[in-house]
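Student: Mind having a look at this structure? Questions to follow.
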Amino acid sequence: MLYSDKVMDHFANPRNVGEIENADGIGEVGNAKCGDIMKMYIKVDGGVISDVKFKTFGCGAAVATSSIATEMIKGKTIDEALKLTNKAVVEALEGLPPQKLHCSVLAEQAMKSAISDYYKRQGIDPMPIVGEIGECEACH
């Protein structure tokens, strides 16, 4: 299985690892069955994601997709962040092996789950904005 240099870089030197104390939104996706669990924390200031951190338990591709996804949404508005797709994550990493594509889906869902949590804390119904967050196909 070949990984791009970009994947290897984000796996070996992941960006934005850790937790945010008093985060404005926390999202957790994945399950122990498939082995990949991602937790994402966001800090929001004036509708902009000012800080984002993640903790991922999983394979190298799961760590790399989490890392690049945090880089892609940091400094963006919530609306811009919600447009991030798993396809964009894969493209930013210069590709992923087919059996690892579910990791990019998890990265997208972790981010959307954190935004959904942020909306709930603000007293806003996240459903029409964020949509439903499902499970990755690998978990079935």
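The values are calculated or read from the model by the stated rules, or taken from the named source; none is laboratory data. Because the structure is a prediction, the values reported are computed rather than measured. FYI the Cβ positions are ideal-geometry reconstructions off the backbone, even for glycines, and counts take in every protein chain you see.
For every residue, the table says whether it meets (1) of a type in the set (S, T, Y); (2) surrounded by fewer than 22 Cβ atoms within 10 Å (Cβ to Cβ); (3) more than 16 Å from M8 (Cα to Cα).
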{"residue": "E91", "(1), (2), (3)": "no, yes, no"}
{"residue": "L101", "(1), (2), (3)": "no, yes, no"}
{"residue": "Y118", "(1), (2), (3)": "yes, no, yes"}
{"residue": "P128", "(1), (2), (3)": "no, yes, yes"}
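Student: Quick one: in segment 72-89, of everything that is surrounded by 15 or more Cβ atoms within 10 Å (Cβ to Cβ) and among the charged types (D, E, K, R), which residue is nearest to I129 (Cα to Cα)?
Tutor: The qualifying residue nearest to I129 (Cα to Cα) is K76.
Student: While we're here: Please work out if I73 is more than 13 Å from the chain's Cα centre (by Cα), of a type outside the set (S, T, N, Q) and at pLDDT 95 or above.
Tutor: no
Student: Can you confirm whether segment 16-28 contains a residue that is within 13 Å of the chain's Cα centre (by Cα), polar (S, T, N, Q) and more than 19 Å from I124 (Cα to Cα)?
Tutor: yes
Student: Here is a list of conditions, (1) surrounded by fewer than 17 Cβ atoms within 10 Å (Cβ to Cβ); (2) on the phi > 0 side of the Ramachandran plot; (3) not acidic (D, E), and N16 meets all of them except one; can you say which number that is?
Tutor: (1)
Student: Assuming F54 fulfils every condition listed in (1) surrounded by 23 or more Cβ atoms within 10 Å (Cβ to Cβ); (2) touching an Asp or Glu at 6+ places or on another chain (Cβ under 8 Å) apart from one, which condition is it?
Tutor: It is condition (2) that F54 fails.
Student: Here is a list: Y41, Y3. Which entry is over 17 Å from the mean Cα position of the chain (by Cα) and buried (at least 18 other Cβ atoms within 10 Å of the Cβ)?
Tutor: So the residue among Y41, Y3 that is over 17 Å from the mean Cα position of the chain (by Cα) and buried (at least 18 other Cβ atoms within 10 Å of the Cβ) is Y3.
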